[in-house]
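The values are calculated or read from the model by the stated rules, or taken from the named source; none is laboratory data. Note that this is a predicted model, so its numbers are computed, not measured. Note: ideal-geometry Cβ built from the backbone for every residue, glycine included; neighbour counts use all protein chains shown.
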Amino acid sequence: MKLINFLDFKPFKDIMEKMKINKDEKIDIERIKIIEKVRIWKQLSSLSGLDIDINETVASENGFIKYNEFDKLVAYIRDQKYFGEKFSLRKFHIAYNCKTLSDYRKSRDASKYKIVQNKSPEFTINILSEDAKTVIEANVIKKLEVCTNCLKALNYKNFLNVSKSEQDKIKNEFSFEEFLGTEFDKNEELIKSYNLDDIENDRLRLYPKNWEEISYNYRKSKNWICEECRKDCSKNKEELETHHIDHNPSNCSFSNLKALCKTCHAKIHPHMQ
C-alpha cells in the first residue's frame, strides 16, 4: 500500500500554512499531538469541564468513560432545570455503559454533557427555569451524587451482590480520590512535564489573520452575553472574550466558538487568571 506524503497532502499543508510553518521545516508530529493533549487536559481538569457530545466518548478496558487518551472521566449535565415547582440535582456518571448515558446517546440531549476529571465532589452548574429560558442561578457550586446505574454497570465495590443498606453506604461514601486512584495525579505530572510556555506560543501561531473580526462578529451574534454565566457585557464589550471549544485556534467555525466573560474564560484557562 502506498503511504501518503503528508507534505503534499492538502489538509495538512493548510494547517502548516495557518501555523506559518515553512514546508522545508522539520515537522514534529509528536509535538502536535502533545499540544492537542494539553489543550484537552486544561479544560478537563478545570472547574468548568469540557463541553462534549457524550457520543464522542468511548468505553475504557474496565468500562469507564474515556475521551482522547484520558480514562476514568466523570460526566454530568451543567444546565439543570426545575420540573414544575420541584428541583432535584441530576447525578454524575462514571460508567460508559450506564443505562442513563445509553439512553442519552440516542436522544437530542447527548450534547448537554460536560466531562471532567478532578478530585472535587463538587460541580459547577446552572439552575434554569422549567422552559430553560430563565437562568435562576449561574455557576453555582453543588455537590452531586453518583449515579446508581453506573455503580450497577461497573459492579463497583461488588455493588450488585451486597445488601440495600450496604449499597446505600457505597453511594453515600463515594470518594473521587478512591475512584481515580493514581489516574489524576499521573495526568497532572505528565502535563507538567511539557513546556507549557512553548505550547502557548504554538497556539498563537494558529490564529487566522482575521481573528479579531471573527471574534467580534461571534460575540455580537450572542448579543454580548456570556454563554456560561449569562452576564451582560454589552456596556463593556472587552469584558467578553471568544473561546475555542476544541482548543484549536484555527477552527473558527461558529459551532466551535463560545462567548465567555473574562471570569468564566479564566476558569477554563487557569493561566489567564
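Results, tabulated for the structure shown:
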| item | result |
| --- | --- |
| Residue ID - nearest to Arg78 (Cα to Cα), chosen from residues in segment 204-245 that are charged (D, E, K, R) and touching a residue at least 24 places away in the same chain (Cβ under 8 Å) | Glu228 |
| Residue ID - nearest to Thr134 (Cα to Cα), chosen from residues in segment 53-77 that are among the polar types (S, T, N, Q) and under 13 Å from the mean Cα position of the chain (by Cα) | Thr57 |
| Elements of type helices (runs of 4 or more DSSP H) contained in segment 174-273, each with 3 or more residues being within 30 Å of Gly63 (Cβ to Cβ) and either aliphatic (A, V, I, L, M) or at pLDDT 90 or above (or both) | 176-180, 183-192 |
| Tally of residues being in contact (Cβ under 8 Å) with a residue 40 or more places away in the chain, of a type outside the set (D, E, K, R) and more than 24 Å from Glu137 (Cβ to Cβ) across segment 63-81 | 6 |
| Residues located in segment 61-70, provided they are over 18 Å from Cys147 (Cα atoms) and either of a type in the set (Ser, Thr, Tyr) or surrounded by fewer than 18 Cβ atoms within 10 Å (Cβ to Cβ) (or both) | Glu61, Tyr67, Asn68, Glu69 |
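Residue-by-condition table, conditions (1) at pLDDT 90 or above; (2) more than 16 Å from the chain's Cα centre (by Cα); (3) buried (at least 21 other Cβ atoms within 10 Å of the Cβ); (4) under 22 Å from His243 (Cα atoms):
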residue: Asp51; (1), (2), (3), (4): no, no, no, yes
residue: Asp79; (1), (2), (3), (4): no, no, no, yes
residue: Lys86; (1), (2), (3), (4): no, yes, no, no
residue: Ser102; (1), (2), (3), (4): yes, yes, no, no
residue: Ile115; (1), (2), (3), (4): yes, no, yes, yes
residue: Glu122; (1), (2), (3), (4): no, no, no, no
